[in-house]
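The values are calculated or read from the model by the stated rules, or taken from the named source; none is laboratory data. Predicted model, so just to flag it, every value in this text is computed and none were measured. We place every Cβ from the backbone using ideal geometry, glycine too, and count neighbours over all the protein chains shown. Remember, those area values only see protein heavy atoms, side chains included, never the ligands or the DNA or RNA. Shrake-Rupley method; radii C 1.70, N 1.55, O 1.52, S 1.80 Å.
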Amino acid sequence: MKGNVIVGQSGGPTAAINSSLAGVYRTAKDRGAKKVYGMLYGIQGLLEERYIDLSEHIKTDLDIELLKRTPAAYLGSCRYKLPEIHENKEVYEKIFEILNRLEIEAFIYIGGNDSMDTIKKLSDYAIVTGQPTRFVGCPKTIDNDLALTDHTPGYGSAAKYIGTSVKEIIRDGFCLEYSKGVVTIVEIMGRNAGWLTGAAALAKGEDCPGPDLIYLPEIPFDLEDFGSRIKELLKKKGSIVVAVSEGIKLSDGRYVCELGAGIDFVDAFGHKQLSGTANYLASYVAGEMGCKTRAIELSTLQRAASHCASRVDILEAYQVGGAAVKAADEGDTGKMIVFERYSDDPYQSGTAVKDVHKIANDERLVPRAWVNEDGTYVTDDFITYVRPLIQGDVAPIMVDGIPRHLFRPF
Ligand code: F6P
C-alpha cells in the first residue's frame, strides 16, 4: 500500500468488533500502510475531524491480544445516516476534503446493514467525482441479519452467551419450588431477525431440557395462544422458561413491547428502540395465571460478553478485517467481505467479496423452514447452522480476578 488507511466502527457493538479492528490494523501495517487512522465515533466523528493515529495506541503484540478481547467499539460507534448525495453535497465535500488531506487510500467501515449504507454512498460519490479512496465494508452485527453472507462476526459470541445464560437460567428455575409455579421470560436482541433468539435452543442437551418455548420475530405472535400454552405447561412442571425476541409482533404489525409502557426512542435509520417485551409478557402471565413471573432482558450483556466469546467468532472477525484491507489494496471499492460456508462438520468457511449495493439496508431473516410448524421453537437445521459458530473459547487476560481490556479514554 502506498497511502494511508482509515477505519471506523458503526452501529451496535459486539464482543468481536475490536478483533476486526485488530485485523484491519495488522494487515494494513503488513501491507505497508504508512498510517492507520481510527475514526472516533464512526463517520459522525470524522465529520467533526475526530480521529486518532492507531499506532499511538496499539504498540505491542499484547495490545493486539487485549484488543481482540475487548468488547464494545474501541473507537466509539455511531448510528449516523448520511444524507442522499443530491440532498446535501456539502457533507460529502467535507468528508472527501478530510480523506484527501490524510491521503487515505482505503476506508474500512466495520458495521451492519445501516453502516453498509455509508460504504455504498461514499463509494458512489468517489466514483462519480473521481476520488482515489476505495471503500470496503467489514461485516459486524450480533443480529446476523446481513444479506449475502453465511453469518456475521459478533453473532457467534452473542449466540454462545445466550445459549449459556439460558441454560443457567433454566437450572436456577429447577431448584426452587413455588406453589403455582414460576414463568421466566428471557428477552433477546436481534431486532426483526430471530437468529439470536433461536440460539437459546443451544441450552438444550443431555443435562438440560432447553427452553420450553422460543418466539422469533419472523412469525406473528398470538398472545392468547401463548397464554394457553403457558397454562398447559404449568400443569406439568413448576418452572417454565420462554425465550422471546425483542422484535416479536402481533399479526396487526404492532410490536409486543409497544403494548406495555415501552420507550419511544427512534434512531436515525428509523428503528424503534425495542425493549420491554419480557416485562409485558411476564405481567400478562402474572395477571392471567397468578403465578410468580420473572422478566430478564439480556440487553447489552449479550453483545458485551467477551468473557464468553467464541474462538471461531473472534478468529473470523480478525480474518474479515484483514480481508477488507486486502480487497481495498487490490482495487475493490463499494464492496463488503462475506463469509461462505463450505461444510458444517468439520466446519469450514472462507471469505469472498460482494457488492455492497446488494447488502446495504437489507435484512436477512431466519428461513421459515428453520422454525417448527407452531412457530414456538427452532428446528435441528437451525442448530446445525449455529453450532459451529460458537465453538472454542478465548481465555480473557485476567488481572486481579477481572478480565483486562485495552483502554482508551472516552
Ligand atoms: O443492531 C444491533 C442491536 O444490538 C439490536 O439487536 C438492538 O435492537 C439494537 O442494536 C440496540 O441498539 P441500541 O444499543 O442503540 O439501543
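Couple of notes before you dig in:
For (1) open to solvent by less than 40 Å² (accessible area, probe 1.4 Å); (2) in contact with a strand residue (DSSP E or B) (Cβ under 8 Å, 6 or more places away or on another chain), each residue gets a yes or a no:
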residue	(1), (2)
R368	no, no
V371	yes, yes
G375	yes, yes
I383	yes, no
L389	yes, yes
D393	no, yes
V399	no, no
R404	no, yes
P409	no, no
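- The residue list I58, I64 contains one member that is part of a loop (DSSP other than H, G, I, E, B), open to solvent by less than 60 Å² (accessible area, probe 1.4 Å) and more than 30 Å from F269 (Cβ to Cβ), which is I58.
- Qualifying residue in region 158-168 (condition: in contact with a helix residue (DSSP H, G or I) (Cβ under 6 Å, 6 or more places away or on another chain), at pLDDT 95 or above and part of a loop (DSSP other than H, G, I, E, B)): no
- Selection status of G260, touching a helix residue (DSSP H, G or I) at 6+ places or on another chain (Cβ under 8 Å) and either at pLDDT below 95 or not assigned by TED's automatic domain parsing to the domain that holds I185 (or both): yes
- If you check E258, E330, E288, E340 for being within 16 Å of the ligand (Cβ to nearest atom) and open to solvent by 40 Å² or more (accessible area, probe 1.4 Å), only one passes: E258.
- Flag for A278 being assigned to a helix (DSSP H, G or I), within 24 Å of R79 (Cβ to Cβ) and in the same structural domain as T197 (by TED's automatic domain parsing): yes
- On inspection, G173 fails the criterion of being under 24 Å from Q302 (Cβ atoms), within 16 Å of the ligand (Cβ to nearest atom) and not assigned by TED's automatic domain parsing to the domain that holds I142.
- Test: residue in region 235-250 that is open to solvent by 40 Å² or more (accessible area, probe 1.4 Å), on the phi > 0 side of the Ramachandran plot and more than 13 Å from the ligand (Cβ to nearest atom): no
- Qualifying positions in region 291-300 - part of a loop (DSSP other than H, G, I, E, B) and within 16 Å of the ligand (Cβ to nearest atom): L298, S299, T300
- Residues that are within 16 Å of the ligand (Cβ to nearest atom), out of contact with any helix residue (DSSP H, G or I) (no Cβ under 8 Å at 6 or more places or on another chain) and open to solvent by 10 Å² or more (accessible area, probe 1.4 Å), drawn from region 184-215: R191, N192
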